[in-house]
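Colleague: This is the structure I want to talk about, given as structure tokens.
The values are calculated or read from the model by the stated rules, or taken from the named source; none is laboratory data. Bear in mind that the values here come from a model prediction, so they are computed numbers and not experimental data. Using ideal geometry, Cβ is built from the backbone for each residue, glycine included, and neighbour counts are taken over all protein chains shown.
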Amino acid sequence: MQSNEIPPAPGQSAVVITPAADLPRDADEPLTPTLLREAGRPGKPADQFPVVGLGGSAGSLVAFEQFLRAMPADSGMAFVVVTHLSADQESELTQVLQHFTKMPVLEVTDGLRVRPNHVYVIPPNRDMSILHGMLLLFVPTQPPGRRLPIDFFFQSLAKDARERAVCVVCSGLGADGSLGLKMVMENFGMVMVQAPETAEFDSMPRAALATEFVDYVLPADQLPAKLLDFVRHPGARPRRPEEPESAVKPAHALQKIFHLIRAQTGHDFSFYKRNTVFRRIERRMNSHQIQEFTHYVRYLQANPAEVLALFKELLIGVTKFFRDREAFEHLRQRLLPLLRQKPAKSTVRVWAPGCSTGEEAYSLAITLLECLEDVEGAKYLKIQIFATDINAEGIDLARAGYYPATIAADVSPERLRRFFTPAEGGYRIRKEVRNVVVFALHDLNKDAPFTKLDLLVCRNLLIYLSAELQKNLIPVFHYALNPGGLLFLGPSENLAGFQEMFQPLDVKWKLSRRTETPSSVTRVANFPFALARQHTQPIPAPASASMSSTSSRKEGAFAGLVQRVLLRQYTPPAVVINAKGEILYVNGRTGRYLEPAPGLGGMNIFDMARAELNYELSEAVHEAAATRQHVVADNVKLHLDTGVQLLRLTVKVLEESEQLSGLLLVVFEEQPTPRKVRLGKPAAGSSPDAQVPTLEKELHYTRHRLQTTIEEMESSLEELQSANEELQSTNEEAMTNKEEMQSLNEELMTLNTQYLSKTEELSQAANDMKNLLDATEIATIFLDNDMVIKRFTPPVHRIIPLLPADVGRPVTHFANSLRYEHLDHDVRQVLARLVTVEANIQTTQGEWFAMRILPYRTLDNYISGAVITFTDITSLKNLETQLQASTRFAESIVETMREPLLVLDAQQRVLAFSGAFARLFGLTAARIKGLPLRELDGGAWQQPALAQRLEEALRHPDELFEDFEFTATFPGAGPRALLLYGRAITSHGAQTGWLLLGMQEAGAGPAGLPAARPTA
């Protein structure tokens, strides 16, 4: 990252700051030099005070009051209050909070620098962050329903204040703050949460507790005391790295803690950065008020649950969708050329170690799926992402693919609609994204890597590992990638010491391409899976293929073969040797030419030959072996007791059969020798100088032989070196193949684990479905598109006699007990038109079923058959029959009454009437039954007061309805003045929704009244 220098104003010094592009600000806000200077000026050491972020929503004012009243005015901390405020109203929160504390309470203005013993309140309709101790305001970019101002501030607070950051989550609705507190924890800050049972709205506190990254959970009025204890007591604060380890960390205590974790979880943290590990351990010690490491070791030994808690503390995973959005845009640009080069129907392989709860892995999947749309022909490519981690709980959450609604702040609305499905107050990853990601447990420290990758994404993991482990991992990453593959690291990570392995593509976002550096994995040391680190000794070159004296040959056959050759060609003494001079067969008397050599017995012709034969014999054998041609040496002098004898040495290459191939035949043949030579007399004119030619000849031969030997030795050394290199290369290839096999085995184990997990999920889902169907006791048949039975529930046998063996047969092959002949027609209609068919059907046994036929839709909205359900409604039918009988009985009673009576339903329709009523108003049954009361007699009964009185009678069945005066003119009876009476009809105390209405003419005597009021 480059820096710019602002020209100093008069009397001021220059200030080096971050580039303007990296400063967060409003899109419409001008970037002034003053703002640049203030944003770029780091805080002084004296300003390193704790900054406390107070986050809350609904009901948080009570919590803020309790917190501020219990906090002294001279705590030395700065407090920043972030809450959900209405965007269209002025906030009075600043004035309200001022009543609860003696500290100054200020509403934040853009560029305001925080100071200790002050309280700062976010203004309405603004997001707020902190940079170098300065509060910056932004116009919100998210709609009101998706804004997360508390998370927004907590994240910037974690980066700016680091270990000085403290976040407090108070009462509120939703889950705002749960993501930001993770980043505070990641940067060694402290997290406090109001106890949910004391909060007016506990959604935010419970969402924070669900992250398991909380230090203290207390009522709001008790949080200040714990916070002051944390700040003021050195023993409770994280120790600085510069403190000598020997002063605070006893010898071997850390190793003992590592041993306890490894014994219980199987994971070794000895390669993690010590400073990070110490801070995590100290956090756990502070939570238990333990000051000494030795005491904490004993506490771990006595409490296995604390070992798991420490393990989770060390595995803190801070991640979110599209973390560093700009980095993913750069990755997208680099992926497009890579995808264009991939062959059709090939697979794009990606590995994301340290995937935590899966947000980044799914972000990669979404990015790749979007890239496939922009590359012509890329739709035929397959995507396979291996997302691994050592945290089993994180892997389970990632596999579930469910995330809270707060991800809307990180995922665009378009991506939410396309790649997510709303579910249970959050979002669930769609199947098309879930299917391309394989989640598995994997330890970078000991497990084999995934290989043949096009992209390896390891962001914000190396920063927690020691330099030694990083040096081991980078070559492994190089080895795992295909040529030209991409490596994507976090912005704080680098490839120091391995620049030759990767070509930088984006320096800021640490995006690199694999180079063609050979044998990168051989640089890996101290790795269990790195087979190349086993430096084996070079394998010597194979010996000559010549035959040795111990070669397995059948003596009888070999001897006979040699004898036949000798008898056919030679009769003089001769020997059969190999290229090394080892004698394999002797023919005739060779004692005059060969004699045993002193020392250990041997059968080598060069050792046994007489001294005067050595030069000629050695040269002839060597020449014959090299040229594979016969060699003859005449007039070779042999000194015997009787004088000098001339010999003819013949060396012949044997090629008569495969068994003799590569052997040589040496023949000693005596030649006629002149007497003067035999007697050793010098020739005429001889002198001492006559020996010079002989000596020169021997010297020439010796030099030639020496030169030949040297050349042969050099050639042999070159061949040996070449063979050694080939063997070494073969050995490396074998080890590489073995590593690849190990990686493939790891991959298969990962896939197997994934399939086992899916099998367990499917088994559980099948069990749940079976119990659900059994509990409902609904007869259900599942058919495919050809009306073949796929599955059915046991109650089906009451309708169709099916057995488990009948699965796979068409449903039309079975007889049923339904008094219904259109079942197959209805099923075909449902499959053809995708409609629902419903009918009430009776069986031959008299049972009634409500039949429904629906299309069978998969999760991908494909039609894969039909579902037939039969719900038993026999009791309902019987009740309906009884009700109809009761109705007819009641109608008969009413019709026989001598008084004018009506029975009305809840809608005031006429259900029954007496003959007296029909005669009184001149009506017939066809003109009365089923009509609303207001339509009788041309609307004569349509009076609001009457309708209201009848409704009250239905609502209050216990109140009597009597002596209601009603006057109207009726077409068949003329003007009438009536007194109406009646009440709601009940059955065993339950309402029926019916009303009995009686009437008499006004002025009629008591004799005209019925003997008793009609009641239920």
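Colleague: Please tell me if L823 is at pLDDT 85 or above, over 30 Å from G998 (Cβ atoms), under 43 Å from the mean Cα position of the chain (by Cα) and not assigned by TED's automatic domain parsing to the domain that holds K929. First the steps, then the outcome.
Modeller: Numbers: at pLDDT 85 or above: yes; over 30 Å from G998 (Cβ atoms): yes; under 43 Å from the mean Cα position of the chain (by Cα): no; not assigned by TED's automatic domain parsing to the domain that holds K929: yes.
Considered against the rule, which asks whether it is at pLDDT 85 or above, over 30 Å from G998 (Cβ atoms), under 43 Å from the mean Cα position of the chain (by Cα) and not assigned by TED's automatic domain parsing to the domain that holds K929, L823 comes out as no.
Colleague: Quick one: in region 353-388, which of the residues that are out of contact with any Ser or Thr (no Cβ under 8 Å at 6 or more places or on another chain) and farther than 15 Å from L455 by Cβ is modelled with the highest pLDDT?
Modeller: Residues of region 353-388 out of contact with any Ser or Thr (no Cβ under 8 Å at 6 or more places or on another chain): 358, 361-380, 385, 387.
Still in the running and farther than 15 Å from L455 by Cβ: 358, 373-374, 376-377, 379-380.
Working: G358: 89, E373: 86, D374: 82, E376: 75, G377: 64, K379: 66, Y380: 77.
It comes out as G358.
Colleague: Here is a follow-up. For region 845-865, state whether one or more residues are buried (at least 17 other Cβ atoms within 10 Å of the Cβ) and small (G, A, S).
Modeller: Taking every residue of region 845-865 in turn, at least one turns out to be buried (at least 17 other Cβ atoms within 10 Å of the Cβ) and small (G, A, S).
Residues are listed down the side, and each one gets a yes or a no for (1) crowded, with 18+ Cβ neighbours inside 10 Å; (2) in the same structural domain as N840 (by TED's automatic domain parsing); (3) under 30 Å from W848 (Cβ atoms):
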| site | (1), (2), (3) |
| --- | --- |
| F917 | yes, no, no |
| A947 | no, no, no |
| A953 | yes, no, no |
| F964 | no, no, no |
| P971 | no, no, no |
| Q991 | no, no, yes |
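Colleague: Considering only region 489-514, state which residues are surrounded by fewer than 16 Cβ atoms within 10 Å (Cβ to Cβ), of a type in the set (D, E) and in contact with a Lys or Arg (Cβ under 7 Å, 6 or more places away or on another chain).
Modeller: Within region 489-514, no residue meets the criteria.
Colleague: Answer yes or no: is there a residue in region 142-162 that is in the same structural domain as V191 (by TED's automatic domain parsing), part of a loop (DSSP other than H, G, I, E, B) and surrounded by fewer than 17 Cβ atoms within 10 Å (Cβ to Cβ).
Modeller: yes
Colleague: Okay, moving on. In the set L381, L397, which member is over 29 Å from I463 (Cβ atoms) and of a type in the set (A, V, I, L, M)?
Modeller: Numbers: L397 fails: over 29 Å from I463 (Cβ atoms).
Exactly one residue qualifies, and that residue is L381.
Colleague: Output the residue which, of all residues in region 188-199 that are part of a loop (DSSP other than H, G, I, E, B) and surrounded by fewer than 19 Cβ atoms within 10 Å (Cβ to Cβ), is modelled with the highest pLDDT.
Modeller: In this case the residue turns out to be A195.
Colleague: So S886 passes all but one of these: (1) without any contact (Cβ under 8 Å) to a residue 12 or more places away in the chain; (2) assigned to a loop (DSSP other than H, G, I, E, B). Which condition number does it fail?
Modeller: Result: S886 fails condition (2) only.
Colleague: Which condition from (1) crowded, with 19+ Cβ neighbours inside 10 Å; (2) basic (K, R); (3) over 20 Å from the mean Cα position of the chain (by Cα) is the one that R459 breaks?
Modeller: Only one criterion is unmet by R459, namely (3).
Colleague: For region 268-357, which helices (runs of 4 or more DSSP H) that fit wholly inside it have 2 or more residues that are of a type in the set (F, W, Y)?
Modeller: 293-302
Colleague: Filter region 278-326 down to the residues that are closer than 16 Å to N187 by Cβ and surrounded by fewer than 13 Cβ atoms within 10 Å (Cβ to Cβ) and list them by number.
Modeller: Result: no residue meets the conditions.
Colleague: For region 416-433, give me each residue that is surrounded by fewer than 19 Cβ atoms within 10 Å (Cβ to Cβ) and in contact (Cβ under 8 Å) with a residue 24 or more places away in the chain.
Modeller: Matches in region 416-433: G426, R428, K431, E432.
Colleague: Give me the residue from region 200-234 that is exposed (fewer than 13 other Cβ atoms within 10 Å of the Cβ) and not charged (D, E, K, R) and, out of that set, modelled with the lowest pLDDT.
Modeller: The initial filter retains those residues of region 200-234 that are exposed (fewer than 13 other Cβ atoms within 10 Å of the Cβ), namely 210, 225, 232-234.
Next cut, not charged (D, E, K, R) only: 210, 225, 233-234.
Details: A210: 79, A225: 90, H233: 62, P234: 46.
In this case the residue turns out to be P234.
Table: residues versus (1) under 26 Å from Y272 (Cβ atoms); (2) in contact with a strand residue (DSSP E or B) (Cβ under 7 Å, 6 or more places away or on another chain).
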site: K452; (1), (2): no, yes
site: P491; (1), (2): yes, no
site: G497; (1), (2): yes, no
site: D506; (1), (2): no, no
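Colleague: Regarding T836, is this residue of a type in the set (V, I, T) and not assigned by TED's automatic domain parsing to the domain that holds I789?
Modeller: When the stated conditions are applied, T836 does not pass them.
Colleague: Taking region 837-895 on its own, how many of its residues are under 53 Å from the mean Cα position of the chain (by Cα), charged (D, E, K, R) and over 22 Å from V796 (Cα atoms)?
Modeller: 1
Colleague: In this structure, does L181 turn out to be assigned by TED's automatic domain parsing to the domain that holds Q222, out of contact with any His (no Cβ under 7 Å at 6 or more places or on another chain), within 24 Å of E197 (Cα to Cα) and without any contact (Cβ under 8 Å) to a residue 60 or more places away in the chain?
Modeller: So L181 passes the test.
Colleague: Another one. Please go through region 424-468 and pick out each residue that is within 26 Å of G484 (Cβ to Cβ) and of a type outside the set (A, V, I, L, M).
Modeller: H442, D447, P449, F450, T451, K452, D454, C458, R459, N460, listed by residue number.
Colleague: Among the residues of region 822-872, which ones are outside any strand (DSSP E or B) and among the hydrophobic types (A, V, I, L, M, F, W, C)?
Modeller: Of all residues in region 822-872, those outside any strand (DSSP E or B) come to 822-836, 844-847, 858-862.
Within region 822-872, L823, V827, V830, L831, A832, L834, V835, L859 meet the criteria.
Colleague: Further question on the same structure: Residues of region 915-932 being under 23 Å from Q991 (Cβ atoms) and modelled with pLDDT under 85, which ones?
Modeller: K929, G930
Colleague: Pick from L876, L802: which is among the hydrophobic types (A, V, I, L, M, F, W, C) and not in a loop (DSSP other than H, G, I, E, B)?
Modeller: On the way: L802 fails: not in a loop (DSSP other than H, G, I, E, B).
From the options L876, L802, the qualifying one is L876.
Results for (1) farther than 25 Å from T874 by Cβ; (2) assigned by TED's automatic domain parsing to the domain that holds Y862; (3) surrounded by 13 or more Cβ atoms within 10 Å (Cβ to Cβ), shown as yes or no for each residue.
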{"position": "N771", "(1), (2), (3)": "no, no, no"}
{"position": "I781", "(1), (2), (3)": "no, yes, yes"}
{"position": "N785", "(1), (2), (3)": "yes, yes, no"}
{"position": "K790", "(1), (2), (3)": "yes, yes, yes"}
{"position": "P795", "(1), (2), (3)": "no, yes, yes"}
{"position": "H813", "(1), (2), (3)": "yes, yes, no"}
{"position": "V827", "(1), (2), (3)": "no, yes, yes"}
{"position": "L831", "(1), (2), (3)": "yes, yes, yes"}
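Colleague: Taking V651 as the residue in question, decide whether it is assigned to a helix (DSSP H, G or I) and at pLDDT 85 or above.
Modeller: no
Colleague: Return the pairs, sorted by first residue and then second, in which the second residue is surrounded by 14 or more Cβ atoms within 10 Å (Cβ to Cβ) and among the β-branched types (V, I, T), the first residue lies in region 892-912 and is assigned by TED's automatic domain parsing to the domain that holds I928 and part of a helix (DSSP H, G or I), the beta carbons are less than 7 Å apart, and the residues are 6+ apart or on different chains.
Modeller: Pairs that qualify, where the first residue is assigned by TED's automatic domain parsing to the domain that holds I928 and part of a helix (DSSP H, G or I) and the partner is surrounded by 14 or more Cβ atoms within 10 Å (Cβ to Cβ) and among the β-branched types (V, I, T), are V894/V903.
Colleague: To continue, here is another question. I'm told D958 meets every condition in (1) farther than 20 Å from E1001 by Cα; (2) touching a residue at least 40 places away in the same chain (Cβ under 8 Å) except one. Can you identify the failing condition by its number?
Modeller: Of (1) farther than 20 Å from E1001 by Cα; (2) touching a residue at least 40 places away in the same chain (Cβ under 8 Å), only one is false for D958: (2).
Colleague: Answer yes if at least one residue in region 607-625 is free of Cβ contacts under 8 Å to residues at least 12 places away in the same chain, hydrophobic (A, V, I, L, M, F, W, C) and outside the structural domain of T702 (by TED's automatic domain parsing), and no otherwise.
Modeller: Checking region 607-625: at least one residue is free of Cβ contacts under 8 Å to residues at least 12 places away in the same chain, hydrophobic (A, V, I, L, M, F, W, C) and outside the structural domain of T702 (by TED's automatic domain parsing).
Colleague: Checking the condition more than 20 Å from M749 (Cα to Cα), buried (at least 17 other Cβ atoms within 10 Å of the Cβ), touching a Lys or Arg at 6+ places or on another chain (Cβ under 9 Å) and hydrophobic (A, V, I, L, M, F, W, C), which residue from A409, A352 passes?
Modeller: Sole residue among the options that is more than 20 Å from M749 (Cα to Cα), buried (at least 17 other Cβ atoms within 10 Å of the Cβ), touching a Lys or Arg at 6+ places or on another chain (Cβ under 9 Å) and hydrophobic (A, V, I, L, M, F, W, C): A409.
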